[in-house]
Each structure stands twice: as structure tokens, then as C-alpha cells.
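Any read-out appearing in this document is the output of simple, stated calculations on the displayed coordinates, not a laboratory observation. These numbers were taken from a predicted model, which means no experiment stands behind them. Here the Cβ is made from the backbone with ideal geometry for all residues, glycine too, and neighbour counts use every protein chain on show.
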Amino acid sequence: MTHRLMRPLAAAFVGASTTLSFAPFSIWPLAIISPLLLILLVQNQSTKRSAFIGYMWGLGLFATGISWVHVSIDTFGGMPKAASLLLMALLVGYLSIYSALFTGLVSKFKAQKSLVTSVLLIPALWMLSDYLRGWALTGFPWLLLGYSQIDGPLGHLAL
């Protein structure tokens, strides 16, 4: 990938496709493939660029995965459509910060560590970013990848 926007756009596409791992589609392997592709996309990138790529992955995931929030605010909350869409854009942008945090930290620490350390570090950083997303500012624990595994063969590990 030589063009400067290829990795961020690929990350947004991969993030958006991750939504298909959740019900009603339940294509559970995407929840495993997507983080692996994200890690590949940030390989040999600066910390800042890795964070941007992670942010784009988050934009793809949350823009496609939490559309129900817009319906709740617009239809059931009675808020004007423009205000609802603005709130959605802000929420998607905010939630994407946690993906940026993950990839930025992976990039920062991975360059100095061995493969064995990375195998331990990357899942720990993923769990940390998911924990913070589910806790900070009262949290928003939707689209945690473990939920996509409940009806699949890895369901017993996700509970």
C-alpha cells in the first residue's frame, strides 16, 4: 500500500465489516480477523500514524454498528434529525479514540519488544482499551468483540 490514505481507508473498511460479526449477521470469524488485520495495518508505522489508522478503524466500526443510537435519539427522543446526526458523529468520534489509543500503544511498545512479549502485550492493550471504553465517562460497552462470539463455537470463552 503506497498511497498515504490506503491504510486508513482499509482500516475504516475493516472496522465497518467487523459489525457483521454481531447479530443478526453473526459472521463470528470477522471478530478474530478484524483485529489481526488492524495489527497488520499498523505494522512499521509511527505511533501517530498508527493511532490515526486505529481511529479510522473505530470510525468504521462505530459508524456502522451503533446506528440504533440515532434511531433512539431521533425517533423516540424527538430530537431534530440534524441534531441527532451531530450527536451521533460526536459519539462515533469519541468512541474511536479508544481504538486510536490501542493502536498507538501497540505501535509505541511493539518496536521494542519480542514476538512473545507482543503476544501478551497486544491482547492486554486491547482489553485495557475496551475496559476504558466501557467505564470512562459512564462507559459505552457496546460492540465489544466478545459479544459477537456468544452464538458461535467460541461462545463458552466469551461469557
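A few comments on the model shown:
- Applying the criteria of a DSSP loop state and at most 12 other Cβ atoms within 10 Å to the chymotrypsin sites (Phe, Trp or Tyr not before Pro) of the range 1-56 yields F25.
- Test item: Cα-centred dipole of the range 47-159, Lys/Arg +1 and Asp/Glu -1 on Cβ, debye: 520
- Distance from the range 113-142 to the range 43-105 (C-alpha centre basis), Å: 17
- Cα shape, the range 66-139, gyration tensor, a/c 1.5 rule: prolate
- Length gained when the stretch L157-F13 is fully extended (0.36 nm per residue, less Cα-Cα span): 49.1 nm
- Farthest toward positive dipole pole in the chain [+1 Lys/Arg, -1 Asp/Glu at C-beta], among H3, A16, V106: H3
- Extension gain, M127-Q43: 0.36 nm per intervening residue step, less the Cα-Cα distance, totals 28.3 nm.
- Here the range 37-79 has an Rg and Dmax of 15.3, 47 Å, counting Cα atoms alone.
- A Förster distance of 30 Å, applied to the separation of the beta-carbon atoms of A83 and L5, puts the FRET efficiency at 0.50.
- Counting charges near L38 (Lys, Arg +1; Asp, Glu -1) among other residues having Cβ under 14 Å from its Cβ returns a value of +2.
- Helix-only arithmetic for the chain: the sum of -39500 (n - 2.57) across DSSP H runs with n ≥ 4, divided by the residue total, places the mean residue ellipticity at 222 nm at -21500 deg cm²/dmol.
- Value of Rg to Rh for the chain (Rh from inverse mean 1/r over Cα pairs, i.e. Kirkwood): 0.99
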